[in-house]
Every structure is written in structure tokens, then in C-alpha cells.
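For reference, the structure discussed in these notes is given below.
The values are calculated or read from the model by the stated rules, or taken from the named source; none is laboratory data. Quick caveat, the model's predicted, so the values are computed rather than measured. Glycine also receives a Cβ, built like all others from the backbone with ideal geometry; neighbour counts cover every protein chain displayed.
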Amino acid sequence: MEIDTLLDLMRRRRSARRFKPDPIPDEHIQKILEAGRWAMSGANGQPWEFVVVKDRDLIQEVARIRRDCQKHTRVMEESRVKELRHAAYLVPANEMPGFKDAPVVIVICGDPRVYQATVVAAHFYAGDGGPMATFHKSIGNATQFIHLAAAVFGLGAQWISVDSTWEGQLKRLLDIPEMLSVQTIVPIGYPHHKPAPPFRRKLDEMVHYDKYDSAKFRTDEQIQEYIADLRRRSLPAYQA
């Protein structure tokens, strides 16, 4: 593969917030899962397990569980100044987008017992993000590969982090063993509408050679302005 082909795929990958209910061919799903299988992981532990949900009633229930837990998130998010509030909570609760119409939801679980494959020191010293960082990054790598593979088929996907407020309900609904952790869910489908144009910071703003270029260090005020700009750019994706 030419590098420009890979870069083009990465630029075409878009996060979808609303989906058409149109079915996805099973062979596409298998290829997407195969991409996730080949992700890199700490000590090649491969801690991931994929639960592929296609049952309409189950998808609706997963969406309901998440929507109910978002009520708590909304209360917390509204404590921020409006300019810095996450774009999802700048729209009324009844207008928030969801994945209930997505034809497929991939629930990505992780088996923490596999973390034993890493070097012993990783369990004791806070480095590379913390004691369990390699485990979580491994799951993140699989999630990323799944997103890229979906883009090959012209599909949209959404990266939804699962937190402790609804992980237990999700496990009970899908019969996921208590030992496993549910890290992420990835709704996949044809986007309901054309996503907004992609935005990335310029490469020369984030690259430093040999030593960190202090002239590129952003002040606290610049960071806040940057986040406010992100909110303005992402708002259309959450509006009906």
C-alpha cells in the first residue's frame, strides 16, 4: 500500500453520530473484526473480546442504558461555562443524537488477566500513563483499527467510552462475565447525513525537532480558546 493511500483512508474516516438502519453485509463485519484482531497490544497479550450486537431490541436497550446515564453527565457538564461545554450537551436532551438506528454495535471488552503478559515492573511503577495503561491502550488500538476498517467500506463509526455508571448494566444485558471490563462500544453503519469537514491542527504546530520548541507552547488562555473553537466546529454533528 502506498502511504498516500493510507493517509487518504485516515482522512476519510469520520465519526458518525446518527445512522441509517440499512443493513451491513456480514462479510464487511467480519473484515472489520479481522482488522481489530490484528491491532498491536502490550506483550502481544491481545486482551480484547468483541461482542457483535445486531438484534434490534438489544441495540435499542443499549442505547437506552447509555441515554439514561447521560442525564448525570448533562448535570455535570452544565456546570461548565457554555463556551467550553461538550457539544453534545449544547443541544436539548430530546435532540441529542444516538445510535439506536445503527445496524451493528460492536462491544469491545478487555480481559485484565491477560495483563500478566507484560513485564512485572509495569504492575508497580506509574509510567506510560499508569499501572494499567498498556492494557487500556491495547483496547484502544483495536478500537482504532476497527474504525479505520469501517471507513474502507464507506461506513461511519462512533467511539463511545463506557464508564462505571453503565458498565454493569451493559454486562448484565449482554451476559458479559464480571471478570471482563467493557471498555468501548462502537456503533457502525451508514451515516445518516454527511459529516462535517474534518479538522486537525497543522502539523508544524505539534512537531518539535531534537528539543521541545518553547515558542509553540500554548498558554492556558490559548488552550481555552482552542477548546471553545473545537466546540463550535463539532456542534453541527450533534444538531438535528
Testing GLU178 on (1) closer than 30 Å to ASP111 by Cβ; (2) buried (at least 16 other Cβ atoms within 10 Å of the Cβ); (3) modelled with pLDDT of 95 or more, one condition comes back false. Which one is that? (2)
Of the conditions (1) crowded, with 19+ Cβ neighbours inside 10 Å; (2) assigned to a loop (DSSP other than H, G, I, E, B), ALA149 satisfies every one except a single condition; which number is it? (2)
The one condition in (1) surrounded by fewer than 15 Cβ atoms within 10 Å (Cβ to Cβ); (2) under 17 Å from the mean Cα position of the chain (by Cα) that LYS194 fails to fulfil: (2)
Basic (Lys, Arg), under 20 Å from the mean Cα position of the chain (by Cα) and either over 30 Å from ASP8 (Cβ atoms) or outside any helix (DSSP H, G or I) (or both): is that true of ARG201 in this structure? yes
Just to be sure, is ARG11 at pLDDT below 95 and either in a loop (DSSP other than H, G, I, E, B) or buried (at least 18 other Cβ atoms within 10 Å of the Cβ) (or both)? no
So for the stretch 206-217 (the condition being surrounded by 10 or more Cβ atoms within 10 Å (Cβ to Cβ), more than 21 Å from the chain's Cα centre (by Cα) and of a type in the set (D, E, K, R)), does at least one residue qualify? yes
Of the residues that make up the stretch 63-75, is at least one assigned to a loop (DSSP other than H, G, I, E, B) and either surrounded by fewer than 12 Cβ atoms within 10 Å (Cβ to Cβ) or not β-branched (Val, Ile, Thr) (or both)? no
Provide a single number: the residues in the stretch 102-133 that are of a type in the set (Asp, Glu) and crowded, with 18+ Cβ neighbours inside 10 Å. 0
Enumeration of residues in the stretch 86-144 that are in a loop (DSSP other than H, G, I, E, B), among the hydroxyl-bearing types (Ser, Thr, Tyr) and in contact with a Ser or Thr (Cβ under 7 Å, 6 or more places away or on another chain): THR118
Note on ILE24: of the conditions (1) in a loop (DSSP other than H, G, I, E, B); (2) under 15 Å from PRO187 (Cβ atoms); (3) among the hydrophobic types (A, V, I, L, M, F, W, C); (4) touching a helix residue (DSSP H, G or I) at 6+ places or on another chain (Cβ under 8 Å), unmet is (4)
Does HIS86 satisfy being surrounded by 12 or more Cβ atoms within 10 Å (Cβ to Cβ) and more than 19 Å from the chain's Cα centre (by Cα)? no
